[in-house]
1. Could you name the aspartates and glutamates in cross-link range of K228, using Cα to Cα under 20 Å and dropping any fewer than eight places away on the same chain?
2. Pick from A71, A168, A258: which is most flexible by mean-square fluctuation in a GNM of the chain where alpha carbon atoms under 10 Å apart are linked?
3. State to the nearest 20 debye the size of the charge dipole of the range 1-146 about its Cα centre, where the only charges are +1 on K and R beta carbons and -1 on D and E beta carbons.
4. Each residue of the range 150-159 in order: what ³J(HN,Hα) in whole Hz does its phi give by Karplus 6.51 cos²θ - 1.76 cosθ + 1.60, θ = phi - 60°, with x for Gly and Pro?
5. Looking at the chain only, what percent of DSSP beta bridges run antiparallel? Nearest 5 please.
6. Throw me the Rg/Rh for the range 17-188, computed over C-alpha atoms with Kirkwood Rh, two decimals.
7. With 10 angstrom as the radius, rank F153, F8, F17 by how many other C-beta atoms surround their C-beta, starting from the fewest.
8. To make sure I understand, if each residue's beta carbon is the centre and we count other beta carbons within 10 Å, what order do K37, K228, K114, K256 fall in, fewest to most?
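Please treat every number below as a calculation from the coordinates, not as lab data. Just so it is clear, the structure is predicted and the values come from calculations on it, not from any experiment. Here the Cβ positions follow ideal geometry from the backbone for every residue, glycine too, while neighbour counts run over all protein chains shown.
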Amino acid sequence: MTAPSESFAPRRDEPLFGRLAIIGIGLIGSSIAHAAKELNLAGRIVLSDRDEAVRTRARELDLGHEIADTAAEAARDADHVILCVPVGACGAVAAEIAASLKPGAILSDVGSVKNAVVEAVLPHVPEGVHLVPAHPVAGTENSGPDAGFPSLFLNRWCILTPPEGTDAGAIARTRHFWEGMGALVEVMTAQHHDLVLAITSHLPHLIAYNIVGTAEDLEAVTQSEVIKFSAGGFRDFTRIAASDPTMWRDVFLHNKEAVLEMLGRFSEDLSILTRAIRFGDGETLHKHFTRTRAIRRGIIALGQEKPETEKLRKP
Ligand SMILES: NC(=O)c1ccc[n+]([C@@H]2O[C@H](COP(=O)([O-])OP(=O)(O)OC[C@H]3O[C@@H](n4cnc5c(N)ncnc54)[C@H](O)[C@@H]3O)[C@@H](O)[C@H]2O)c1
Ligand SMILES: O=C(O)C(=O)C[C@]1(C(=O)O)C=C[C@@H](O)C=C1
């Protein structure tokens, strides 16, 4: 492998896959297309989207090597097919492309929920095709074909959740593909993934959607001072609450049990803090805030986040 200085990760001399099909040309699909082309991860990259305007824009952006009009056309003879559509659409797309999948192909996805995707897709996977679901834990609040960028997955986790008995070679090739884009790969069950992501990703989004909605409702009472004087903390919530409504509707509808479990725990812990404020229990508040501060510092120490001050110095 060679490492041209201008590239964010090493470019491969030989592609990992002959033909890569990406179905759904939004933030994640277009980011994969950028990275896979730049890093020579596939000989031919074919994309498709059900929205004609998105396909037109993808052609203008020169994403991949070809934009197909249908998902089935894109998937035909592909070695690796990645569904980059909202979680609730994965089953229908799998059904649409099933007859085009060639034996030995890897069928994957990037959904933020894994168990429901496996349940919806697995019945459509033809004999000899390997299902290796993936979830890159990387994103932004933006969506659509213009939102993607090649380094999105660099130093970010990508979680693979292959069903029991999945071909080890197919898992290894999927791992190499994500590692090729700079991601760190971990394998776990779909159930475990959904429980972990419910607290680390899904609940934070629900909280952001809720707090920003509450603040909006208060605008009338405070004569528009809520948004005008929004401080750093609230602004961070507004970024998250600007995330794609369709994507997040599907996440909550398809990870219902794990999210409700985490929401229950969250509400219990919130009651403890509420009580401490009501009764002037400073010790409980101080102890709690000290514990959570250590978690943030731990994340920074692991190198997964920069301190805010450093972000200000080096934007
Ligand atoms: N946005 C993130 O931060 C993020 C991060 C990791 C994983 N994901 C997951 O990646 C997937 C895609 O998310 P995104 O942010 O790229 O969304 P996006 O809204 O940017 O793009 C989704 C695209 O899928 C297309 N689409 C929808 N239904 C389709 C269908 N039936 N057939 C073909 N195309 C269809 C839409 O037209 C759209 O262009 C979701 O499952 C999401 O859970 C998102
Ligand atoms: O940074 C953001 O904007 C994100 O919310 C990305 C984020 C996350 O929760 O970390 C959102 C959903 C995905 O499934 C993975 C990543």
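1. E216, D217, E219, D236
2. Fluctuation is largest for A168.
3. Details: 12 positive and 20 negative charges, 43 e Å.
It works out to roughly 200 debye.
4. Whole-Hz 3J(HN,Hα) from phi for the range 150-159: x, 8, 3, 9, 4, 6, 10, 6, 10, 9.
5. Numbers: 4 of 26 bridges.
Rounded to the nearest five, the antiparallel share is 15 percent.
6. Details: Rg = 14.1 Å, Rh = 15.4 Å.
Over the Cα atoms of the range 17-188, Rg/Rh equals 0.92.
7. Numbers: F153 27, F8 16, F17 21.
With the sparsest Cβ surroundings first, the list reads F8, F17, F153.
8. Values: K37 17, K228 9, K114 26, K256 14.
Fewest-to-most ranking of K37, K228, K114, K256: K228, K256, K37, K114.
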